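Participant: Take this structure, written in structure tokens, and hold onto it; I'll ask about it next.
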Amino acid sequence: MQAEFQEKDRRLRQLAEENKNLRKMAGKKGAKAPAWATGPSTPARVVARAAQSWNDQIVIDAGRAQGVSPGMTAVSNTGLVGRVASVSEKSARVSLISSSTSELGGKVQRTKSAGVIRMGQD
């Protein structure tokens, strides 16, 4: 019972520290959202992985009714996730950027050369 109490106390301290950090970040003046996070967005949660393509697609709980359409970009708070492949009334399939068949435009920072990034292994 003491071990359980110690674990709960440790978790409580961890959450308190996380809360403190989040409050500090929320109160920062001049903090701005990353460029990819600007503009209209639709919040959604991952509700499943596609059975036939476990590593290539996810299913989210937002669809046509929430304004989602094929081709839209899917992002998280840390960056690009993928692109909406298909949409139903209340859900959508997102093809993940990490899929072996993904391709996207990119730019080499050092040279500013544009190109295509392919995730597959050739």
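Computed from the coordinates by the stated procedures, all read-outs in this text should not be read as laboratory data. Computed from a prediction, not measured in an experiment: that's the story for all the values here. Positions of Cβ are generated from backbone atoms using ideal geometry, with glycine treated the same way; all protein chains shown enter the neighbour counts.
Participant: Order these peptides, 76-88, 97-109, 6-18, by their mean beta-carbon neighbour count within 10 angstrom, highest first.
Facilitator: 76-88, 97-109, 6-18
Participant: Please give the net charge around residue 61, taking every other residue with its beta carbon less than 9 angstrom from that of residue 61, where Lys and Arg add +1 and Asp and Glu add -1. Kindly include the intermediate steps, with their values, before the conclusion.
Facilitator: Details: positive: 45, 90; negative: none.
Counting the neighbours of residue 61, the net charge comes to +2.
Participant: Mind giving me the nanometre distance, one decimal, between the label points for residue 47 and residue 76, set 7 Å out from Cα along Cα→Cβ?
Facilitator: Spacing of the two 7 Å Cα→Cβ label points: 1.9 nm.
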